[in-house]
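Chemist: Got a structure for you, questions after.
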């Protein structure tokens, strides 16, 4: 089975004026889609249900703006979660299979950490880029139910 690692990062990119709170996805220790943003809602939904999820997106939040026209096809069964990642954001289409318990735990822990950082930096009055407020509010609502 493949392994997924999610790292919550708070960094200022060379072309940016403010730090950015992001999630980086590595599968089998290889960072995937480093030139794209991770959509926190799509990441959450992909941990909960099968379907097409636009996990990677443009920094503006519109996948098509970044040249992403197909989302990750995610399927859940009793023991595994399978991702069929399209050519974009990668160089070629790839399939990954994760242990379901480990996958869901990894995603939910990373999202909780993201929210914790967001609240902490916001409370400290630090200016930074992050997910849109409506995404954060929706994520908080969904996570409260799970």
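Chemist: As an exercise: evaluate residue 90 against (1) touching a residue at least 40 places away in the same chain (Cβ under 8 Å); (2) not in a loop (DSSP other than H, G, I, E, B) and give the number of the one condition it does not meet.
Modeler: (2)
Chemist: I'm trying to understand the selection: among the residues of the range 39-73, which are outside any loop (DSSP other than H, G, I, E, B), more than 23 Å from residue 9 (Cβ to Cβ) and in contact with a strand residue (DSSP E or B) (Cβ under 7 Å, 6 or more places away or on another chain)? Don't jump to the end; show me each part of the working.
Modeler: Kept after step one, since they are outside any loop (DSSP other than H, G, I, E, B), are these residues of the range 39-73: 40-48, 51-53, 56-57, 63-66, 72-73.
Going one step further and asking which of them are more than 23 Å from residue 9 (Cβ to Cβ), we end up with 48, 51-52, 64, 73.
If the condition is that a residue be outside any loop (DSSP other than H, G, I, E, B), more than 23 Å from residue 9 (Cβ to Cβ) and in contact with a strand residue (DSSP E or B) (Cβ under 7 Å, 6 or more places away or on another chain), then 51, 52, 73 are the ones that fit.
Chemist: Turning to a different aspect of this structure: Are any residues in the range 23-40 at pLDDT 95 or above and under 20 Å from residue 121 (Cβ atoms), and if so, which ones?
Modeler: 23, 24, 38, 39, 40, listed by residue number.
Chemist: Quick one: residue 137 ticks every box in (1) loosely packed, with under 14 Cβ neighbours inside 10 Å; (2) in a strand (DSSP E or B) bar one, so which box is it?
Modeler: The single condition residue 137 does not satisfy is (2).
Chemist: Can you report the number of residues in the range 26-38 which are assigned to a strand (DSSP E or B) and more than 20 Å from residue 65 (Cα to Cα)? Before the answer, list the steps.
Modeler: Within the range 26-38, the subset assigned to a strand (DSSP E or B) is 26-27, 30-32, 37-38.
If we keep only those that are more than 20 Å from residue 65 (Cα to Cα) too, we end up with 26-27, 30-31.
Residues meeting the conditions: 4.
Chemist: Mind listing whichever residues of the range 1-21 are without any contact (Cβ under 8 Å) to a residue 24 or more places away in the chain and assigned to a strand (DSSP E or B)?
Modeler: The initial filter retains those residues of the range 1-21 that are without any contact (Cβ under 8 Å) to a residue 24 or more places away in the chain, namely 9, 11-15, 17.
Across the range 1-21, the qualifying residues are 9, 11.
Residue-by-condition table, conditions (1) under 17 Å from the mean Cα position of the chain (by Cα); (2) surrounded by 17 or more Cβ atoms within 10 Å (Cβ to Cβ):
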| position | (1), (2) |
| --- | --- |
| 103 | yes, yes |
| 110 | yes, yes |
| 122 | no, no |
| 129 | yes, no |
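Chemist: Here's another thing I want to ask about it. Could you tell me how many of the residues in the range 41-63 are at pLDDT below 95 and surrounded by fewer than 20 Cβ atoms within 10 Å (Cβ to Cβ)?
Modeler: Residues flagged as at pLDDT below 95 and surrounded by fewer than 20 Cβ atoms within 10 Å (Cβ to Cβ) within the range 41-63 amount to 5.
Chemist: What pairs come out if I take residues in the range 122-146 that are closer than 26 Å to residue 48 by Cβ and pair them with residues that are at pLDDT below 90 and surrounded by 14 or more Cβ atoms within 10 Å (Cβ to Cβ) whose C-beta lies under 7 Å away, six or more apart or interchain?
Modeler: From residues that are closer than 26 Å to residue 48 by Cβ, the pairs are 132/61.
The values are calculated or read from the model by the stated rules, or taken from the named source; none is laboratory data. In this text the structure is predicted, and so the values were computed from the model without any measurement. Here the Cβ is made from the backbone with ideal geometry for all residues, glycine too, and neighbour counts use every protein chain on show.
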